[in-house]
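Structure first, commentary second.
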Amino acid sequence: GDDNSGRKVITFSCCRMPPSHQLNHTRLLEYLKYTLDQYVENDYTVVYFHYGLKSLNKPSLKWLQTAYKEFDRNYSVLSSPAFNIFLTISFSFPRYKKNLKALYVVHPTNFIKILWNIFKPLISHKFGKKITYLNYLHDLGQHLKYDQLNIPQEVIRHDENLWRKHKGKLPPVVKVPPPRPPLPTQQFGVSLQYIKDKNKGELIPPVMKETVSYLKSKGLKVEGLFRRSASIQTIKDVQKLYNQGKSVNFDDYHDIHIPAVILKTFLRELPQPLLTYDCYDHILEITNVESCLRVTRCKQIIQGLPEHNYVVLKYLMCFLHMVSQESIYNRMTASSLACVFGLNLIRPPKGNTSLSALVPVNLFTELLIEFYTNIFNSRTVPGE
């Protein structure tokens, strides 16, 4: 899922941990690192569901010591063992710590809070501000769309029991207002066809054309382009201007990362992903194709796209290929850009993208960027 700022959310549920004697904790550590590796190039959020951690499924202190040695020797024990695993990986190792913007601890025990207060003086103030304790799932809804998350039923039942115990009733149902009809000038959250119809048949949406044009002229050599976040309120303000059909001058904001975030946000909010749901299963199979045939297979897959999607994808990939050509300055290789854009271009028709899907999705996107000239050289669309 995404939080209210569009950042990817990683969840950890203690109740899903099997008894310690049945769990290979080395594999657990590798799994956590692998999961984080899919997101650490961009800003991300972690939600930690503490309920379900018991003496039966707590990792041993000996294993925790091994985990600490692998990452960093400079941090002490902060809280419960399972919480330690996540803190060790997320915070102690700089690569994971840098882009982590928030960690929400849901259903914390008093023990966690007490230990945190004891060791708080050892932790930087900036680091401490990233952690938020939430007593109820309802509180989590103020920060992210938690209905998108795969929350275990055990956690949901525990939350309901807490509400009954302390409030005497079930938690309030979050009322979702009916969607408003889009404005004639709307660009975010509407289809490519809608934008085309409202813009005299132009195939490239204005927001894409303007952000790409601006970044081409002023952002190609900016280090970390597309990896950095921007002010949440500023992004919302810019979206509002575009949706109202008003002009946007990115020079007024003095932040090159704003148009970059706007471009990613536009792609992410398309009702159907740019690569379409029909291509999803074909894209997941790219890792089963022999390396020497993968570019050809990519070409075959995108030939099946609707003409409008193909033109917009070609326009985007041409730009991202240009960005990758300046990687000596911006550090954004085709692989780095794929990690940023992959999940913004394709997603499953139902549910969230699984962990196993991340590798083929990113690989497919990387091939589109790196071999742009080979993949997009044979199809011409009228009006392109």
Checklist outcome for this item: Ordering Leu137, Leu293 by the accessible surface of their heavy atoms, 1.4 Å probe, largest first, yields Leu293, Leu137
Checklist outcome for this item: A correct Karplus calculation of ³J(HN,Hα) over segment 216-230, with 6.51 cos²θ - 1.76 cosθ + 1.60, θ = phi - 60°, whole Hz and x for Gly and Pro, returns 4, 7, 10, x, 4, 9, 7, 5, x, 4, 6, 8, 8, 8, 9
Checklist entry - What is the gain in length, in nm to one decimal, between Glu326 and Thr373 on full extension, counting 0.36 nm per residue of separation less the C-alpha to C-alpha distance? => result 15.3 nm
Item to check | Integer Hz, Karplus 6.51/-1.76/1.60 couplings in order for segment 189-198, x for Gly and Pro | outcome: x, 10, 6, 4, 5, 4, 5, 4, 4, 8
Next on the checklist: What FRET efficiency comes out for Leu183 versus Ser55 if R0 is 51 angstrom and r is the Cβ-Cβ distance? Round to the nearest 0.05.
Outcome noted: 0.35
Checklist entry - How many nm separate the modelled label positions at Leu241 and Asn135, each set 7 Å beyond the Cα in the direction of the Cβ? => result 4.2
Checklist entry - Considering only Cα-Cα distances, which of the following residue pairs are longer than 28 Å: Lys8/Lys314; Lys126/Lys165; Lys221/Lys350; Lys198/Lys314; Lys113/Lys240; Lys54/Lys130? => result Lys126/Lys165; Lys221/Lys350; Lys113/Lys240
Next on the checklist: If I take R0 = 41 Å and measure r between the Cβ atoms of Lys145 and Asp197 in this structure, what FRET efficiency does the formula 1/(1 + (r/R0)^6) give, to the nearest 0.05?
Outcome noted: 0.90
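So with the 1.4 Å probe, I'd like the accessible area per residue for segment 192-376, rounded to whole Å².
45
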Checklist outcome for this item: For segment 241-257, in residue order, the Karplus 3J(HN,Hα) values (coefficients 6.51, -1.76, 1.60; θ = phi - 60°; whole Hz; Gly and Pro = x) are 4, 4, 5, 8, x, 8, 6, 10, 10, 5, 4, 5, 9, 6, 8, 5, 7
Checklist entry - Based on the Cα coordinates of segment 192-376, what is the per residue volume of their convex hull in Å³? => result 121
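The values are calculated or read from the model by the stated rules, or taken from the named source; none is laboratory data. Nothing here was measured: the structure is a model prediction, and the numbers come from that model. Because the Cβ atoms are built from the backbone with ideal geometry, glycine has one as well, and the counts that use them run over all protein chains shown. The protein model used for the area step is the full one, side chains on, heavy atoms only, and it has no ligands, DNA or RNA in it. Shrake-Rupley method; radii C 1.70, N 1.55, O 1.52, S 1.80 Å.
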